Amino acid sequence: MNQILVVALICAASVQAPDCSRETAIDVVTGPAHTLQECLVQGPVLAASAGFKGEDGAYVKTRCEQRR
């Protein structure tokens, strides 16, 4: 069974959401998930556990990628 990779992108407020990517993020935190719903919930949780507090207008964008 393929797992889903949760990718929590922490991006600066000056970066538009469509432009927030692994390349433009301030930080990238990843972890596993088994379902899409779990992935979407885990993104902000992973960012928070990595110490992200939402200061300076930065935000979290969650991406769900299929692991191979």
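Consider region 45-57. How many of its residues are buried (at least 17 other Cβ atoms within 10 Å of the Cβ) and within 22 Å of residue 67 (Cα to Cα)? Of the residues in region 45-57, 2 are buried (at least 17 other Cβ atoms within 10 Å of the Cβ) and within 22 Å of residue 67 (Cα to Cα).
From the list 55, 38, the one residue that fits, being modelled with pLDDT of 90 or more and acidic (Asp, Glu), is 38. Within region 27-40, the residues that satisfy the criterion of being in a helix (DSSP H, G or I) and either open to solvent by less than 70 Å² (accessible area, probe 1.4 Å) or closer than 16 Å to residue 9 by Cβ (or both) are 38, 39, 40.
Residues in region 36-68 that are of a type in the set (A, V, I, L, M, F, W, C) and touching a helix residue (DSSP H, G or I) at 6+ places or on another chain (Cβ under 8 Å): 60, 64. Quick one: is residue 65 out of contact with any Asp or Glu (no Cβ under 9 Å at 6 or more places or on another chain), open to solvent by less than 60 Å² (accessible area, probe 1.4 Å) and either touching a residue at least 60 places away in the same chain (Cβ under 8 Å) or part of a loop (DSSP other than H, G, I, E, B) (or both)? Criteria met by residue 65. What do you reckon, is residue 29 without any contact (Cβ under 8 Å) to a residue 24 or more places away in the chain and farther than 13 Å from residue 61 by Cβ? So residue 29 does not fit the description; no. Among the residues of region 1-18, those that are surrounded by 11 or more Cβ atoms within 10 Å (Cβ to Cβ) and under 14 Å from the mean Cα position of the chain (by Cα) comprise 4, 5, 6, 7, 8, 9, 10, 11, 12.
The values are calculated or read from the model by the stated rules, or taken from the named source; none is laboratory data. None of these values were measured; they are calculated from a predicted model. FYI the Cβ positions are ideal-geometry reconstructions off the backbone, even for glycines, and counts take in every protein chain you see. Ligands, DNA and RNA are excluded from the accessible area calculation, which covers all protein heavy atoms including side chains. Shrake-Rupley method; radii C 1.70, N 1.55, O 1.52, S 1.80 Å.
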